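Worksheet: one structure, shown below.
The values are calculated or read from the model by the stated rules, or taken from the named source; none is laboratory data. If you're wondering where the values come from, they're calculated on a predicted model, not measured in any experiment. Cβ placement follows ideal geometry from the backbone for every residue including glycine, while neighbour counts extend to all protein chains displayed. The area values use the complete protein model at the heavy-atom level, side chains included, leaving out ligands, DNA and RNA. Shrake-Rupley method; radii C 1.70, N 1.55, O 1.52, S 1.80 Å.
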Amino acid sequence: MDRLTSAYRLWGGVKLAGALVSGIAIFAMMLFIVADVVSRNYLGGSIAGSFEVAQNYFMPLAVFPALAYVYAAGVLPRMDLLRDRLPDALRHAITHVLVVLEVVLLVVLVHYTWVYAMSGMDRGVAFPAGGSLYTLWPLFFLVPVAFAMVLIETLFVLGRNVLGSEVSLTFAEAQEEARP
Amino acid sequence: MSEVLVITVVVAGFALLLLAGHYIHSVLLLAGVGGLVLLDGAAILTGLLGPQPFARTASYTLTTIPLFVLMAQFILQADIVKDLFYVVNKISRGSRGLLGSLTLLAGSMLGAVSGSGTATAASLGQVAVPELRTNGYSPRLAGAVAAAAGSLSGIIPPSIILILYGVATETPVGDLFAAAIIPGLLVTAVFVVVMAVYLARSGIDPAALRPAEDTLPRIPRRRLVVSLTVSGLIVLVVFGGIYSGTVTPTEAGAVGAFTAFLAALVLGKVSSRFLSTSLVETVKVTVMVMLILIGAQVFGRFVSLSLIPRRLIDALEPIVETPALMLAILALVFFVLFMFIEGAAVILMSVPVVLPIIEVMGVDVLWFGVFIAVIASVGLITPPVGLSVYAVSGATGISAGAIFRPALVFAAAAAIVVCGLLVLFPGLATWLPGAGT
Amino acid sequence: LAVTAACGSGGGSDDTVTLRVATGLSEQHAWWSDSMVPWMDRVEELTDGQVTFQSFTGGELVEVPDEVEAIQNGTVDVALILPIYTPDQFPMAEVTMLPVSESDTLIGSEAWRALVESDVELGDGKTYYESQFGDQGIKAFPVSTTQEYSISTTGQELDSVAAVQGLSLRTPSRIHEIYASKIGVNSVTIPAVEMFDALSRGAFDGSFYSVADWSGYGFQDLFEYTLTGLDAGHFNGLIGMTQDRWDSLPADVQDAMTQAHDEIFTPGAQEWVDRSDEMIEYNEERGGQFVDLSTLDQSVQDLMLDGVEATWQDYIDLLEADGLPGTDVATLWRDLLVEAGGSVPEPIQDLG
Ligand code: NA
Ligand code: NA
């Protein structure tokens with residue numbers, strides 16, 4: 001149990017790094033779009049390929065690296081009213097089922113987004129903008145990597161649920177609920 | 001398996017998972033993936049699951065989600081809400097009714113610089129509730145006023161609900177913003193009236209009433225002037241920029257966030273803590289919305305492939321021919337959905353099913369977006385899932401259950417009055433976007 | 001794919017086939033309403049119900065420009081494919097977007113069909129069809145091109161070189177971006193859905209667009225000045241499926257599809273002409289002007305036509321740099337266009 005907790009703490013650093021990458025991408029996207037507005041209004045034309053670059057490069061970077069961090073932060077919405085009123089045994093059973101379903105779903109997601117990324121690489125997918133082609137396919141790999149990180153997070157939760165006394169959909173929550 | 005059987009299984013599974021308390025995006029994904037596999041075999045996932053997360057995320061219009069959230073974060077972290085409420089408190093000194101009304105008005109002004117209700121509700125809870133209490137508001141009414149004021153961010157543009165609706169239905173976001181202005185002000189007005197009625201009936205809470213004294217720490221006049229000027233400037237940059245054609249509604253998110261960042265610089269608030277808090281909070285909201293969007297996209301593919309909308313239109317044909325009745329039913333269904341489920345999720349999962357019905361009825365898609373957004377924004381204060389109420393409760397310690405009772409009245413009154421007016425006078429929504437061009 | 005067919009047919013008898021068809025375009029788009037739908041109807045008719053189609057429009061299943069991917073990964077059987085949107089997959093599809101001095105929908109469509117069906121071997125020993133579609137395992141029938149693209153503005157007239165060079169125009173394709181840079185026009189790239197709003201508020205001056213397609217975004221109420229006599233290229237499209245899917249169809253179904261395509265091709269093109277006439281009439285009633293390039297100052301004409309020549313050269317260089325037969329495909333397109341009744345500036349006539 002303690003080893004799981006300390007491994008989880010190390011893992012937290014990886015997730016935080018991902019969140020920072022996304023945060024920086026959002027800030028950079030803000031600066032990029034502002035520069036494009038200035039360029040179009042005062043310098044006589046859009047930055048070449050501006051909106052395609054914003055949507056194809058900045059948006060995926062703003063979302064996927066932070067996926068596991070946000071998953072673990074416990075902010076993702078769910079309807080937990082009924083769950084909280086159930087008897088402990090039933091609630092534990094349901095939570096185990098949900099976590100296992102989540103593992104299955106994530107394996108499926110990692111698999112199919114990986115297949116898509118590989119096919120994108122094979123086809124050398126690029127997008128046309130500003131008179132030239134920009135390579136796109138490497139960004140496809142952000143998706144399976146992000147979901148794989150969430151899978152690791154969920155496996156931590158599963159381990160915590162099996163080994164610990166409380167069960168939950170997030171690691172931190174189970175820790176808290178286990179406290180006397 | 002026959003298509004009808006698949007639909008039945010998926011709907012049942014969807015409901016079960018939702019009730020079991022699973023993540024909403026996971027419910028959407030599981031139902032979508034399960035439905036697609038049952039309908040067409042696992043091979044279909046190569047095309048309808050694998051590409052969706054990236055394709056859905058790589059959208060220019062959706063850049064507004066992180067950027068409008070970032071704008072709101074910069075404003076909150078720069079303590080502009082505190083400053084604004086300080087002024088509200090000064091102006092209304094002594095008058096309970098005025099204080100509550102101005103709190104709601106401040107909420108709608110904050111709505112104009114914030115895309116989501118939850119963040120504004122939390123900070124209004126922090127700064128407004130103590131003052132309302134001091135002036136004799138009961139805890140639950142004070143909490144409800146702050147929560148209602150915060151929820152206005154959901155309908156007063158810019159609004160994430162409107163952006164998502166625009167993306168899902170391919171309606172220009174700029175038109176939606178323009179269309180929501182009058183209904184947003186109407187919701188504010190209804191809130192003010194409901195609050196006045198509550199005040200008149202409940203009387204003063206003697207436990208809270210204290211002699212008038214400065215409970216807020218004094219804020220220097222110079223800072224107030226700077227703070228109010230920069231927030232006015234942000235509104236001007238966003239709306240003036242859109243109206244003058246300098247920026248598109250999509251770019252307004254970036255320009256607004258940048259202006260808010262400059263404002264925070266001027267106010268001397270920018271630090272590494274300021275930046276990391278703003279960015280991390282923004283990342284959380286962004287990822288949350290995007291995950292639901294991705295889930296809704298996959299679920300939407302199942303909905304399309306199973307021909308649910310076409311079946312539904314056939315089944316509803318007699319009702320569809322009476323648009324007013326159909327709209328009343330839809331309003332009720334949405335009100336209930338928004339009670340239980342977070343707004344963005346409802347919009348995203350319902351659009352694939354509802355939009356074809358709306359189009360068959362000949363209802364203006366733009367108008368319908370505003371109609372839904374009104375219900376969605378009051379959904380922020382309806383039990384059992386009312387994020388705005390939870391935010392206020394979390395910030396003040398007043399129990400959410402207590403706040404929900406008056407808040408539900410605020411919500412129901414606003415939904416009935418404003419949606420009713422929208423049905424009777426569609427121009428309330430469609431006039432401004434038309435006038436813009 | 002067999003699974004798709006079996007599932008789609010709802011467990012019907014063995015010799016009926018239900019094909020799933022998708023487009024990211026709206027149901028009202030002329031390629032859907034007046035090429036794809038008539039084609040499907042005719043195939044159903046000719047096969048006596050042996051083939052039926054289940055269609056998904058407006059991106060409800062597949063979005064622009066993912067149609068090719070969707071037929072390749074088996075999401076759908078047939079799709080309306082728009083190769084110009086994915087030059088990374090179809091590097092020579094943009095050839096029809098090259099600006100010329102004179103063309104129209106019927107000329108452009110005829111030349112496009114001739115290009116797709118041409119047996120002329122390009123530099124690499126392959127026909128155009130083989131190199132673009134056949135080698136990628138795609139079976140494709142060309143539909144009509146769009147009407148020619150024109151330059152339209154919200155009022156700014158193109159009566160002097162200075163006026164042209166001060167303009168900011170939306171450039172919907174790579175070729176337009178090249179052309180804009182050649183004539184000194186500022187390129188604006190924003191998504192089509194945001195264009196009406198941005199234009200009506202004066203964010204920029206106009207766009208390269210096809211008149212027949214104005215109604216899709218309401219531009220008939222917005223544009224006030226349109227330059228004719230300079231044809232800024234034709235967008236092209238095809239009805240596509242995988243070669244495997246095609247090969248799996250019985251010969252009589254294949255014949256029906258081929259015959260149906262032949263029948264719907266020209267009426268499909270005519271729809272653009274009708275729509276354009278309607279748009280022009282409506283726009284002129286509102287005070288819109290259509291100005292022919294030949295009536296403008298000689299210096300403007302020279303600028304615009306020199307730009308055409310430079311754009312062809314750039315496009316050829318772009319292809320050649322990627323090891324593609326740029327000169328061959330450009331001259332083949334030129335010859336087919338001229339044969340169909342179009343014309344190009346003299347230096348381009350001398351190419352190759
Ligand atoms: Na707002
Ligand atoms: Na609610």
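Summary of packing: across the peptides B:289-296, B:145-152, B:329-336, the per-residue average of other C-beta atoms within 10 Å ranks them, highest first, as B:145-152, B:289-296, B:329-336. Overall shape of the range C:185-224 was characterised from the C-alpha gyration tensor. The equivalent ellipsoid obtained from it has semi-axes of 15, 11, 10 Å, in decreasing order. From the Kirkwood radius over Cα pairs of the range C:20-66, Stokes-Einstein at 20 °C and 1.002 mPa s returns a whole-number translational diffusion coefficient of 195 µm²/s. Convex hull volume of the C-alpha atoms in the range B:84-173, normalised per residue: 80 Å³. Annotation note: trypsin sites (Lys or Arg not before Pro) in the range C:247-352 located in DSSP loop regions with a Cβ neighbour count of at most 12 within 10 Å are C:Arg286. For the range A:2-178, give the percent of accessible area contributed by carbon and sulfur heavy atoms, probe 1.4 Å, rounded to a whole number. Its accessible area is 69 percent carbon and sulfur atoms. The B and A chains share an interface that buries close to 5100 Å² of accessible area, total over both sides, probe 1.4 Å. Within the range C:222-239, which residues have the backbone N less than 15 Å from the label spot 7 Å out from C:Arg286 along Cα→beta-carbon, could you tell me? Within reach of a label on C:Arg286, which here means backbone N under 15 Å from a point 7 Å along Cα→Cβ, the range C:222-239 contributes C:222-226. Charges were assigned to the Cβ only: +1 to each Lys and Arg, -1 to each Asp and Glu. The resulting dipole of the protein assembly as shown about its Cα centre is roughly 7820 debye. In the protein assembly as shown, helices alone account for a calculated mean residue ellipticity at 222 nm of -20500 deg cm²/dmol, with every DSSP H run of four or more residues adding -39,500 (n - 2.57). Applying 1/(1 + (r/R0)^6) with r as the Cβ-Cβ distance of C:Thr266 and B:Ser95 and R0 = 56 angstrom yields a FRET efficiency of 0.15.
Residues in the protein assembly as shown average 36 Å² of solvent-accessible surface per residue, probe 1.4 Å, ligands and nucleic acids excluded. With all projection directions averaged, the alpha carbon convex hull of the range C:33-134 covers 8.5 nm². The mean count of C-beta atoms from other chains within 10 Å of the C-beta of residues in C:67-79, rounded to a whole number, is 4. For chain C, the alpha carbon convex hull comes to 124 Å³ per residue, rounded to a whole number.
For peptide C:52-63, the mean count of partner chain Cβ atoms within 10 Å of a residue's Cβ comes to 3.
Secondary structure note: in the protein assembly as shown, about 60% of the DSSP beta bridges are antiparallel.
Restricting the calculation to alpha carbons of the protein assembly as shown gives Rg and Dmax of 29.4, 95 angstrom. Longest span of chain B, sites excluded, free of trypsin sites (Lys or Arg not before Pro) in DSSP loop with at most 12 other C-beta atoms within 10 Å? Value returned for the longest uninterrupted segment is B:219-437. Only one residue of B:Pro130, B:Val145, B:Leu110 has its Cα farthest out toward the positive end of the dipole of the range B:59-205, where Lys and Arg carry +1 and Asp and Glu -1 on Cβ, and that residue is B:Pro130. Spin-label model, B:Val353 to B:Val235: label points 7 Å out along the Cα-to-beta-carbon direction sit 3.9 nm apart. Relative contact order, whole percent, for the range A:2-178 stands at 26, derived from Cα pairs under 8 Å and 6 or more residues apart.
Computed from protein heavy atoms with a 1.4 Å probe, the total accessible area buried between B and C is close to 2100 Å². For the range B:264-304, a reduction of at least 30 Å² in accessible area between the chain on its own and the assembled protein chains (probe 1.4 Å) is found at B:Leu279, B:Val280, B:Val283, B:Lys284, B:Val287, B:Met288, B:Leu291, B:Arg301, B:Ser304.
Put simply, chain B fits an ellipsoid with semi-axes of 37, 24, 21 Å; these come from the alpha carbon gyration tensor as the roots of five times its eigenvalues, largest first.
Calculate what fraction, in whole %, of the accessible area of chain C sits on carbon and sulfur atoms when a 1.4 Å probe is rolled over the protein chains. Carbon-and-sulfur percentage of accessible area, whole number: 44. Once the convex hull of all Cα atoms in the range A:2-178 is built, its volume per residue stands at 126 Å³. Rg over Rh for the range C:96-169 works out to 1.16, using Cα positions for both radii and the Kirkwood form for Rh. Shielding by partners for peptide A:95-102, expressed as the average number of C-beta atoms from other protein chains within 10 Å of each residue's C-beta, is 3. Overall, the ratio between the Cα radius of gyration of the range B:339-400 and 2.2 N^0.38 Å, rounded to two decimals, is 1.38.
Comparing each chain alone with all protein chains together (probe 1.4 Å, DNA, RNA and ligands left out), the residues of the range B:393-437 losing at least 10 Å² of accessible area are B:Gly436, B:Thr437.
Applying D = kT/(6 pi eta Rh) to the range B:395-437, where Rh is the Kirkwood radius over alpha-carbon pairs, T corresponds to 10 °C and eta to 1.306 mPa s, the Stokes-Einstein value obtained is 124 µm²/s. For C:Gln156 and A:Val162, a Förster radius of 45 Å and the Cβ-Cβ distance give a FRET efficiency of 0.05, rounded to the nearest 0.05.
Between A:Met59, A:Thr170, A:Ser132, the Cα set farthest toward the positive side of the dipole of the range A:2-178 (charges on each charged residue's Cβ, about the Cα centre) is that of A:Ser132. Across chain B, the relative contact order, built from alpha-carbon pairs under 8 Å that are at least six residues apart, equals 26 percent. Counting only DSSP beta bridges whose two residues both lie in chain C, roughly 50 percent are antiparallel.
Packing here is the average count of other Cβ atoms within 10 Å per residue, and on that basis the peptides C:227-233, B:234-240, C:105-111, highest first, run C:105-111, C:227-233, B:234-240. Normalised by the empirical 2.2 N^0.38 Å for globular proteins, what value does the Cα Rg of the range B:274-375 take? Here the answer is 1.27, to two decimals.
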